[in-house]
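Since the structure comes first, as C-alpha cells, the remarks are kept for the end.
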Amino acid sequence: MRFAIKTRPEHQTWEEIRDAWLAADELPLFESAWNWDHFYPLTGDMAGPNFEAWTMLGAFATATRRIRIGCQVTGMIYRHPAVLANMAATVDIMSGGRLELGIGAGWNQMECDAYGIALPPLKERFDRFDESCEVLISLLSNRTTDFDGRYYHLRDAYCEPKPVQQPHPPICIGGGGERRTLRSAARFAQHWNYPGGTIEEWKRKREVLHGHCADIGRDPGEILLSTHLRLTPEGDVGALVEAAAEWSEAGMELGIITLPPPHQAFVLEPLAQGLRKLAG
C-alpha cells in the first residue's frame, strides 16, 4: 500500500499547513499531498478561515521538490474548464510535472448560495461535468480544441504552454455515485478516490467501476484506487495504522491520511514509522 497526506485548509494558519507539506516532502513514504476546494470551512465555525485551493497549489509547486501535489477534488462548478486547464498546465510546469488533477462535479449548496454560484440539479451537474472532462483533456493534450457541447463551446482554442506531463496530468475523480461518478471515472480517470465508508461498500463500488470499464473496453488496472484514512485530533497513530492494514489487506492501493487541524508537522515522522511495514 502507498500513502499520501491531505491537509484541511480550515481553521489554521498558512504556516501550519506549509510546514506539514514541507515535512511530508522530506519523508519518502508519502508520495503525494492534497488539499480541498472549498471557500468555507466544512467543520466548526463556517465564518472561520479557509484557504483557496489552487493558489495554495501554485505556492506548493515551488516550495516542494519531490512530492506530487493535488486538490481532492476541484469543484467543476466553480471554474470554467478552459480556465482550469490553463491553471493546471501552469501548476504542472511550476512543479516540474508533479500535478495530480483532482476533479468532481461539486456539491456545496451553502457556498453556492453565499456567492451566487449556480448549483444545477444532479443530472445537469454531471452532464456538465462530463463535458468539462472532455474540454480539459483536449485543451491539455491537443494543439487546438474545437468543442460544441450543450454547455461548453470552444472554437480553435489554445492552452499554452502545455503541461510537462503528457498527454495530461493524471486525473483523479472522487466520489461514490454508481451511475454517473463511477462511469465518469471509467471514461476519464487515472485515479478514483473513494471518499469514505466501509470496506464492504468500497468492494461493491469497485465492482461497479469495473463494470463501467468493461462497457467501454477499458482495463480497470489503469485506474489507481485510493481512500481516506483519518488521523484523530488526538493523533492516535496506532489506530490509523490498524485501519490502514485492513484496507491494505482488502486491496486498497493508496491511503490518503487526512490530518486534523491545526496540522502539526512533527506527527508525520511517527506516522511514517508506523506505516512503513505496510508500504509496497
### Message
Step by step: first the residues of region 102-117, then only those that are open to solvent by 60 Å² or more (accessible area, probe 1.4 Å) and within 22 Å of the chain's Cα centre (by Cα), then the one that is farthest from MET46 (Cα to Cα). Which residue is that?
### Response
TRP107
#### Entry: Close pairs (9 angstrom Cβ cut-off, 6 or more residues apart or separate chains): within 15 Å of GLY75 (Cβ to Cβ) in region 127-138, open to solvent by 10 Å² or more (accessible area, probe 1.4 Å) and among the β-branched types (Val, Ile, Thr) anywhere
ARG128/ILE77; PHE129/ILE77; PHE129/THR181
### All positions within region 248-280 that are at pLDDT 95 or above, out of contact with any Leu (no Cβ under 6 Å at 6 or more places or on another chain), open to solvent by 20 Å² or more (accessible area, probe 1.4 Å) and of a type outside the set (Gly, Ala, Ser)
GLU249
### Task
Kindly list, by first and then second residue, each pair from a residue in region 161-180 that is modelled with pLDDT under 95 to a residue that is among the charged types (D, E, K, R) and surrounded by fewer than 18 Cβ atoms within 10 Å (Cβ to Cβ), limited to pairs with Cβ atoms under 9 Å and residues at least 6 apart or on different chains.
GLY176/GLU201
### Query
Filter region 181-200 for residues that are open to solvent by 50 Å² or more (accessible area, probe 1.4 Å) and more than 18 Å from the chain's Cα centre (by Cα); which is nearest to ALA244 (Cα to Cα)?
THR198
### Query
Does region 189-216 hold any residues that are outside any helix (DSSP H, G or I) and either touching a helix residue (DSSP H, G or I) at 6+ places or on another chain (Cβ under 6 Å) or closer than 10 Å to GLY176 by Cβ (or both), and which are they?
TRP192, ASN193, TYR194, PRO195, GLY196, GLY197
### Query
Which ones in region 79-95 are touching a residue at least 24 places away in the same chain (Cβ under 8 Å) and open to solvent by less than 40 Å² (accessible area, probe 1.4 Å)?
PRO81, ALA82, LEU84, ALA85, ALA88, ALA89, VAL91, ASP92, SER95
### Message
Would you confirm whether or not region 201-220 contains a residue that is on the phi < 0 side of the Ramachandran plot, touching a residue at least 60 places away in the same chain (Cβ under 8 Å) and buried (at least 18 other Cβ atoms within 10 Å of the Cβ)?
### Response
no
### Task
State whether the residues of region 232-239 include one that is touching a Pro at 6+ places or on another chain (Cβ under 8 Å), closer than 30 Å to THR13 by Cβ and open to solvent by 60 Å² or more (accessible area, probe 1.4 Å).
yes
### Query
Which residues, counting only those in region 1-25, are touching an Asp or Glu at 6+ places or on another chain (Cβ under 9 Å) and either open to solvent by 50 Å² or more (accessible area, probe 1.4 Å) or without any contact (Cβ under 8 Å) to a residue 12 or more places away in the chain (or both)?
ARG2, HIS11
### Task
With respect to GLY48, determine if the residue is part of a loop (DSSP other than H, G, I, E, B) and open to solvent by 10 Å² or more (accessible area, probe 1.4 Å).
yes
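The values are calculated or read from the model by the stated rules, or taken from the named source; none is laboratory data. Please read all numbers here as calculations on a predicted model, not as lab measurements. Glycine also receives a Cβ, built like all others from the backbone with ideal geometry; neighbour counts cover every protein chain displayed. Note: areas computed on protein heavy atoms with side chains; ligands, DNA, RNA excluded. Shrake-Rupley method; radii C 1.70, N 1.55, O 1.52, S 1.80 Å.
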